[in-house]
1. Test V236 against the criterion of being among the hydrophobic types (A, V, I, L, M, F, W, C), modelled with pLDDT of 90 or more and assigned to a helix (DSSP H, G or I), and give yes or no.
2. Does the stretch 271-288 contain any residue that is at pLDDT below 75, surrounded by 11 or more Cβ atoms within 10 Å (Cβ to Cβ) and within 27 Å of M72 (Cα to Cα)?
3. Name, by its number, the condition in (1) buried (at least 18 other Cβ atoms within 10 Å of the Cβ); (2) modelled with pLDDT of 90 or more that does not hold for L227.
4. Considering only the stretch 45-55, I want to know if a residue exists there that is within 15 Å of Q304 (Cα to Cα) and under 20 Å from the mean Cα position of the chain (by Cα).
5. With the requirement that a residue be closer than 19 Å to C150 by Cα and of a type outside the set (A, V, I, L, M), what does the stretch 42-74 give you?
6. Could you check how many residues of the stretch 169-204 are surrounded by fewer than 17 Cβ atoms within 10 Å (Cβ to Cβ), at pLDDT 85 or above and in contact with a Phe, Trp or Tyr (Cβ under 8 Å, 6 or more places away or on another chain)?
7. Output the number of residues of the stretch 41-88 satisfying the condition of being part of a loop (DSSP other than H, G, I, E, B) and of a type in the set (V, I, T).
8. If I filter the stretch 49-65 for residues that are closer than 19 Å to R196 by Cβ and surrounded by 24 or more Cβ atoms within 10 Å (Cβ to Cβ), do I get at least one hit?
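The values are calculated or read from the model by the stated rules, or taken from the named source; none is laboratory data. Bear in mind that the values here come from a model prediction, so they are computed numbers and not experimental data. Counting neighbours? That spans all protein chains shown, and the Cβs are built from the backbone with ideal geometry, glycine included.
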Amino acid sequence: MKAISVVVPLYNEQDNVIPLHQEIVKALSGQCEFEIIFVDDGSTDQTALVARALKPLKYIQLRRNYGQTSAMDAGIKAARHPYIATLDGDLQNDPADILKLMDYLEVNDLDIVSGWRKKRHDSLAKKFVSRVANLLRSILVKDNIHDSGCTLKLYKRDCFTTITLYGEMHRFIPAILKIKGYKIGELEVNHRPRLRGVTKYNWKRTVKGFLDMISVWFWNKYAVRPLHLLGGFGLVSLGLGFGFGLWTVLLAIQRMDLSNSMQPYMSLFFIGLGFLFLMIGLIADMMTKIYYGLKIETPYSIRQVLDSEDLHKVPPDEQASKARGQK
């Protein structure tokens, strides 16, 4: 029987936790072996209290709000089945689409299938920002995905053996995996309006997503050869510097007054800048080799991990406080 891990990042979704869990169980029961992993990204409402009462469930609680990408990374690393599905905790993604994604992945021999919210139920402002982001992504990243921002995706677990997510990188997982040579597909999925809770998207996340897009572009082009980019800038700068230097020499030969001329200063500036770019490129090249040779620490801290049979037990912190009280 097929086996799948369903990873759901949660942040202040107390009203959506129960119906979301029920829909996942209904969609997968009898169809495949599955586990549900809810990652509480430092919620300040009753999300933790509600989630701990659910079965079957693996509940992961982060110590504070690290962001959706870190929560997703924590859930993916805790998954134990060969397939991993991710979806939002706001009930806008339809859990019934998970098996459709799995069938599509297997029939087409893919490593990842990304959901495409072709008919979105979002505000006009959110749709506009998403379209602009998709346009920029198609130019810079070129992952051939219409809707990389859709959290509903299905992966083979092997995709994440060498990946640690950070920032707002969850939007660009298809692009990152494509860079590594994995096969990517896309399938239209159902998208529903948010009925409970408040959206967590704001202009800050948009800015972070754009910066991460530039990071992915750089990673795609120059991750293993940063000297090619920075060294190229350095050589251009050196060329300009020597050009201004030659201009300065020609003016000196003609015995022109150089006291108020910018050519000597421009020559020194561009030559210095060129050497600086070359040195930074060499350092970046060495750091890249170190990066690939070391195990990178995850950018978040997990408070506790509980399986469903442990969810009704008293947390370790409460046990310790009760023990101190009895003494």
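1. Details: among the hydrophobic types (A, V, I, L, M, F, W, C): yes; modelled with pLDDT of 90 or more: yes; assigned to a helix (DSSP H, G or I): yes.
Taking the combined requirement at face value, the residue satisfies it.
2. Checked the stretch 271-288: at least one residue is at pLDDT below 75, surrounded by 11 or more Cβ atoms within 10 Å (Cβ to Cβ) and within 27 Å of M72 (Cα to Cα).
3. (2) is the only condition that L227 fails.
4. Looking through the stretch 45-55, none of the residues is within 15 Å of Q304 (Cα to Cα) and under 20 Å from the mean Cα position of the chain (by Cα).
5. Of everything in the stretch 42-74, those that are closer than 19 Å to C150 by Cα and of a type outside the set (A, V, I, L, M) turn out to be G67, Q68, T69, S70, D73.
6. Count: 1.
7. Looking only at that region, the number is 1.
8. Yes, the conditions are met somewhere in the stretch 49-65.
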